[in-house]
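What follows is one structure encoded as structure tokens, with my remarks underneath.
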Amino acid sequence: MPQRILVIDDESTVIFTLTQVLSANGFEVVSATDADQAMAILANTACDLVLCDLVMPTIDGVRVIQRLGRDYPAVPVIAMTGGGSAMPPALSLPLAEASGARASLVKPFTQAELLTAIREVLTGSGR
């Protein structure tokens, strides 16, 4: 049975690309465009890992990661960000990790970087 990854990102192109890469590498993918949709998915679908964007329109990713840690503490999270002027990666990623993210990726990242982070988190060999 393939491991299931929930991708939370408000950009459909990012969700599409991640779904293609992850599916091609043997993962099952479900996606959400915001925190409420993600929580609804997790309430009904077991997921092995969450990839969460940090810059989203309604609730920022750090708050989503905190909520995930409270409601689904057994599901590890990898934070992703392309940054932006509002919250550059140098500030947002350490905050995300302090809030419970087990790893972080700066967009654009390579397929190898993505898969390495996922494998490290799923096997517990990462941070």
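The values are calculated or read from the model by the stated rules, or taken from the named source; none is laboratory data. Since the structure is predicted, the reported quantities are computational estimates derived from the model, not experimental observations. Using ideal geometry, Cβ is built from the backbone for each residue, glycine included, and neighbour counts are taken over all protein chains shown.
Structure data summary
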item	result
Those residues of the stretch 35-76 which are surrounded by fewer than 17 Cβ atoms within 10 Å (Cβ to Cβ) and of a type in the set (Gly, Ala, Ser), in sequence order	Ala40, Ala43, Ala46, Gly69, Ala74
Qualifying position, being within 14 Å of the chain's Cα centre (by Cα) and outside any strand (DSSP E or B), among Gly26, Gly100	Gly100
Qualifying residue in the stretch 47-57 (condition: in contact (Cβ under 8 Å) with a residue 40 or more places away in the chain, out of contact with any His (no Cβ under 9 Å at 6 or more places or on another chain) and in a helix (DSSP H, G or I))	no
Failed item, numbered, when Leu91 is tested on (1) outside any loop (DSSP other than H, G, I, E, B); (2) surrounded by 14 or more Cβ atoms within 10 Å (Cβ to Cβ); (3) modelled with pLDDT under 95	(2)
Residues (β-branched (Val, Ile, Thr) and either closer than 19 Å to Arg63 by Cβ or assigned to a loop (DSSP other than H, G, I, E, B) (or both)) located in the stretch 103-116	Thr110
Matching residues, the stretch 101-127, being closer than 11 Å to Pro76 by Cβ and acidic (Asp, Glu)	Glu120
Residue within the stretch 78-88 that is in contact (Cβ under 8 Å) with a residue 40 or more places away in the chain and under 22 Å from Glu28 (Cα atoms) present	yes
Residue count, the stretch 21-48 (criterion: within 19 Å of Glu11 (Cβ to Cβ) and of a type in the set (A, V, I, L, M, F, W, C))	8
